[in-house]
Amino acid sequence: MQEAQLVGPALVLQREIGRLLAPIWIPLIAVLLRLRGYRIEAVERSRRQYQEIRRGRDDPLLICANHLTLIDSAIVAWALGSPWWLLMHYSALPWNVPERQNFASWWLTQALSYVMKCVPITRGGSRGEVAQTLARIGAVLTRGEAALVFPEGGRSRSGRVDVESVTYGVGHLVNSLPGCRVLCVYLRGHGQSGFSDLPARGECFQVALELITPTSTASGLRADRDVARQIIGQLAAMERQYFERRYPEVAVV
């Protein structure tokens, strides 16, 4: 908690700069997604669900999603709220933890990441860097902000939720925040068979939301591992449901 307090002022400044520029960058991202021809099935339903989950609650809310493309975080945010609603409810727009090499490797992407509520991390970085990143995300969650992380730690190379690659840091984050709720989001384009940088043009996405409160009777690393596995297990179950609905004649293993 002390680390979270130390990084708090810097994050408050970052948030306010992003909020002031939000009338420019939030609609711009939505326009770019539409120019690619993307659409989300039953998007009003997922947005109503998210609004209901956030309404009247100030306990920490961590969003955990599966990961197939470099712009999953933008599409998830688009599925959770319209540009206008996110502008009016800026705290509901999730913070993100992008891989530094992909989104913050030179000054322009660094500036954009800063404005767009991102806390970049280096994949395979030191424990100290990972701990500091988790402290920052914990700090924004305790302030009533939402945050989005990918429990798999990177894009799934198999095209399916990889339960073996779950990072225990997500479990540590949840365990460090009393009362933390986890919103599992499963997002998939109907034409997406594997991982890619971008979804294909004209892709249609389906999104499913499931709110859980993972807990563990263990302590320390075991508790972190237990909670992380509950989260990735929920995402894997949501993936099975997706394929069972879309391809009922094919057995899902």
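Among the candidates E249, E244, which residue alone is modelled with pLDDT under 95, open to solvent by 50 Å² or more (accessible area, probe 1.4 Å), assigned to a helix (DSSP H, G or I) and of a type in the set (D, E, K, R)? Show your work before the answer.
On the way: E249 fails: assigned to a helix (DSSP H, G or I).
E244 is the lone residue from the list that is modelled with pLDDT under 95, open to solvent by 50 Å² or more (accessible area, probe 1.4 Å), assigned to a helix (DSSP H, G or I) and of a type in the set (D, E, K, R).
Kindly indicate which of V140, V149, V161, V170 is under 15 Å from the mean Cα position of the chain (by Cα) and more than 23 Å from A10 (Cβ to Cβ). Give the steps one after another, and end with the answer.
Values: V140 fails: more than 23 Å from A10 (Cβ to Cβ); V149 fails: more than 23 Å from A10 (Cβ to Cβ); V170 fails: more than 23 Å from A10 (Cβ to Cβ).
Residue meeting the stated conditions: V161.
Cβ-Cβ below 7 Å, separation at least six or inter-chain, first residue in region 36-64 and of a type in the set (A, V, I, L, M), second open to solvent by 60 Å² or more (accessible area, probe 1.4 Å): which pairs?
Between residues of region 36-64 that are of a type in the set (A, V, I, L, M) and residues that are open to solvent by 60 Å² or more (accessible area, probe 1.4 Å), the close pairs are I53/L211.
Filter region 78-102 for residues that are open to solvent by less than 30 Å² (accessible area, probe 1.4 Å) and closer than 23 Å to A135 by Cβ; which is farthest from the chain's Cα centre (by Cα)?
Kept after step one, since they are open to solvent by less than 30 Å² (accessible area, probe 1.4 Å), are these residues of region 78-102: 78-81, 86, 90, 92-96, 98.
If we keep only those that are closer than 23 Å to A135 by Cβ too, we end up with 90, 92-96, 98.
Values: Y90: 15, A92: 12, L93: 10, P94: 7, W95: 8, N96: 6, P98: 10 Å.
Looking at the filtered set, the residue picked out is Y90.
Being open to solvent by 30 Å² or more (accessible area, probe 1.4 Å), closer than 20 Å to P9 by Cα and at pLDDT below 90 is the filter here; which residues of region 103-133 pass it?
Within region 103-133, Q110, I121, G128, E129, V130, A131, Q132 meet the criteria.
Determine whether region 184-196 contains at least one residue that is more than 13 Å from L235 (Cα to Cα) and among the hydroxyl-bearing types (S, T, Y).
Step one: of region 184-196, the residues more than 13 Å from L235 (Cα to Cα) are 189-196.
Remaining after also requiring among the hydroxyl-bearing types (S, T, Y): 193, 196.
Yes; the residues of region 184-196 include at least one that is more than 13 Å from L235 (Cα to Cα) and among the hydroxyl-bearing types (S, T, Y).
In this structure, does V174 turn out to be touching a His at 6+ places or on another chain (Cβ under 9 Å), crowded, with 17+ Cβ neighbours inside 10 Å and farther than 30 Å from V31 by Cα?
It is false that V174 is touching a His at 6+ places or on another chain (Cβ under 9 Å), crowded, with 17+ Cβ neighbours inside 10 Å and farther than 30 Å from V31 by Cα.
Give the residue, chosen from L35, L70, that is under 19 Å from P199 (Cβ atoms) and exposed (fewer than 12 other Cβ atoms within 10 Å of the Cβ). Don't jump to the end; show me each part of the working.
On the way: L70 fails: exposed (fewer than 12 other Cβ atoms within 10 Å of the Cβ).
It is L35.
Please go through region 139-163 and give me each residue that is more than 12 Å from P94 (Cβ to Cβ), in a helix (DSSP H, G or I) and open to solvent by less than 10 Å² (accessible area, probe 1.4 Å), ordered by number. Give the derivation first.
Of the residues in region 139-163, the ones more than 12 Å from P94 (Cβ to Cβ) are 139, 142-144, 151-163.
Remaining after also requiring in a helix (DSSP H, G or I): 139, 142, 163.
Within region 139-163, A139 is the sole residue that qualifies.
The values are calculated or read from the model by the stated rules, or taken from the named source; none is laboratory data. As the structure is a prediction and not an experimental result, all values here were calculated from the model. Using ideal geometry, Cβ is built from the backbone for each residue, glycine included, and neighbour counts are taken over all protein chains shown. These area figures cover heavy atoms from the full protein model, side chains too; ligands, DNA and RNA do not enter into them. Shrake-Rupley method; radii C 1.70, N 1.55, O 1.52, S 1.80 Å.
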